[in-house]
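What follows draws every value from the coordinates through simple rules; no lab data is involved. Here the structure is a predicted model, which means the values were calculated and not measured. Note that each Cβ is placed from the backbone with ideal geometry, even for glycine, and that neighbours are counted across all protein chains shown.
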Amino acid sequence: MKKLIIGNWKMNPTSLAEAKKIYTGVKTKVSGLRNVSVAICPPTVYLGVFSATSKGKTSLMLGAQDTHWQESGASTGNISPLMLKDLKTSYVLVGHSERRATGETDEQVKLKIKAIQEYKMTSVLCVGEKERDESGHYLAVIKRQIEDGLEGLPKKAAEKLVIAYEPVWAIGKEAKGVETPEGFNHNMIFIRKTLSYIFGQKEALKIPILYGGSVSSKNADSFLREGRADGLLVGRDSLTASSFVEIIKIANQIK
Ligand code: PEP
């Protein structure tokens, strides 16, 4: 399976001019790369602009950072999956820890994934514990996020699903610690096992499991090779075209 690299810009950058600069800087560099799939999740206000400029087939896909589960209606401030589909969005992040921190529940995550599936986009379900404990209780948190978020989905839903494992304590500038490739791999196996109880082993093997949490060009190779990650979800380092392109090129070298 090709490595999948997704950039999550979060609430950045603060001008359309800068957003276009980063987007174009990445787009021009990824067009010839064959072994990697790349998507950028910009703030929704920029999504329409990028969608309009990417005519025809482009190797840089678009993703959204969140969605509502309803198609339209009285929901001030929200964006619907139908709107995202109309903008040729391929991926939608769901259950990012920064959304969960504002009160998003597993029940809402479930509704969102169901809606994303209906519009034939791919959900990137973000899971991860806030704290790591020696005795492994944190695994129950990951298990619950996966089981509750994916409840009731048919087997074929596995084809339009990505899991991003992001230990919350390893995310962002203020991260309390660093995850190791071995630590990731251990949890990836646990996640795969949980997925195989839900979808069956054959389907579960098709679901890419990404690592996210302070990924940079310095650690990307080890998470992909030693950690055997199917891809990476990159925050800060996706905001500088050159750093993000470096990570993408590292992934492109791995077959
Ligand atoms: C994220 O929040 O999804 C993320 C991975 O952020 P960072 O790379 O900045 O830790």
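Would you list VAL141, VAL26 from fewest to most Cβ contacts within 10 Å?
Working: VAL141 16, VAL26 21.
Exposure proxy ranking, most exposed first: VAL141, VAL26.
List, largest first, the extents of the alpha carbons of segment 104-147 along their principal axes, each in whole Å.
For segment 104-147, the Cα extents along the three principal axes come out at 41, 17, 14 Å.
When the scattering of segment 14-83 is computed by the Debye formula from its Cα atoms alone, each counted once and equally, what is log10 I(q)/I(0) at q = 0.20 Å⁻¹?
-0.89
Could you compute the net charge surrounding LYS155? Neighbours are other residues with a C-beta less than 13 Å from the C-beta of LYS155; K and R count +1, D and E count -1.
Details: positive: LYS156, LYS160, LYS202, LYS206; negative: GLU159, GLU203.
The answer is +2.
LEU4's amide H: which non-local residues (gap 5+, or another chain) put their own amide H closer than 5 Å, with H modeled 1.01 Å from N in plane and none for Pro or chain starts?
For LEU4, the qualifying residues are SER37, GLY231, LEU232.
When you have a sec, figure out the Kirkwood radius of segment 1-117 from all distinct Cα pair distances and drop it here in Å to one decimal?
15.0 Å
Per 0.36 nm of contour for each residue apart, how much would the distance between GLU147 and LYS202 grow if the chain were fully extended, relative to their Cα-Cα spacing?
Working it through step by step, the gained length comes to 18.0 nm.
Jot down the radius of gyration and Dmax of the chain, Cα atoms only, both in angstrom.
Radius of gyration, then largest Cα-Cα span, for the chain: 17.0, 51 Å.
For the chain, what relative contact order do you get, as a whole percent, if you take Cα pairs closer than 8 Å and at least 6 residues apart?
22 percent
Scattering from the C-alpha atoms of segment 17-58 alone, worked out with Debye: what is log10 I(q)/I(0) at q = 0.19, 0.20, 0.32, 0.33 1/Å?
Results for segment 17-58 at q = 0.19, 0.20, 0.32, 0.33 Å⁻¹ read -0.59, -0.65, -1.36, -1.38.
Any chance you could list P(r) for segment 77-168, counting all Cα-Cα pairs in 10 angstrom bins from zero, rounded to whole %?
Each 10 Å bin holds this share of Cα pairs: 17, 48, 28, 6, 1.
With charges only on Cβ, +1 for K and R and -1 for D and E, what is the dipole size of the chain about its Cα centre, in debye, rounded to 20?
1120 debye
Past the 26 Å Cα-Cα mark, which pairs from LYS85/LYS114; LYS130/LYS249; LYS130/LYS156?
Those over the limit are LYS130/LYS249; LYS130/LYS156.
Please give the length that would be gained between LYS88 and VAL45 if that part of the chain were fully extended, namely 0.36 nm times their separation in residues minus their C-alpha to C-alpha distance (nm, one decimal).
14.1 nm
Return the loop-located trypsin sites (Lys or Arg not before Pro) in segment 51-114 (DSSP other than H, G, I, E, B) with at most 11 other Cβ atoms within 10 Å of their own Cβ; answer none if there are none.
LYS55, LYS57
Taking neighbour counts of Cβ atoms within 10 Å as a proxy for exposure, in what order, fewest first, do TRP69, TRP9 appear?
Working: TRP69 19, TRP9 22.
Final ranking by Cβ density, sparse to dense: TRP69, TRP9.
Per Stokes-Einstein, at 20 °C and 1.002 mPa s, what whole-number D in µm² s⁻¹ belongs to segment 43-93, with the Kirkwood radius over Cα pairs as the hydrodynamic radius?
Taking Rh from Cα pairs, D becomes 188 µm²/s.
At 222 nm, what value in deg cm²/dmol follows for the chain if DSSP H runs of at least 4 each add -39500 (n - 2.57) and the sum is divided by all its residues, to the nearest 500?
-11500 deg cm²/dmol
What shape does segment 118-224 take by its C-alpha gyration tensor, where a ≥ b ≥ c are the square roots of the eigenvalues and a/c under 1.5 counts as rounded, a/b above b/c as prolate, and the rest as oblate?
prolate
Straight-line reach from LYS255: which lysines fall under 18 Å, measuring Cα to Cα and dropping same-chain residues less than 8 apart?
LYS2, LYS3, LYS206
Separation between the HIS137 and SER216 pseudo-spin-labels, each 7 Å from Cα along Cα→Cβ, expressed in nm?
3.3 nm
Compute the signed sum of charges (Lys and Arg +1, Asp and Glu -1) over the other residues within less than 10 Å, Cβ to Cβ, of ARG100.
Numbers: positive: ARG99, LYS130; negative: GLU98, GLU104, ASP106.
Around ARG100, the charge tally is -1.
Just rank HIS96, HIS68, HIS137, fewest to most, by other beta-carbon atoms within 10 angstrom. Intermediate results must be reported in sequence, preceding the final value.
Working: HIS96 28, HIS68 20, HIS137 11.
Neighbour counts put them in this order, fewest first: HIS137, HIS68, HIS96.
For segment 148-176 and segment 17-96, what is the separation of their Cα centres, given in Å?
Result: 18 Å between the Cα centres.
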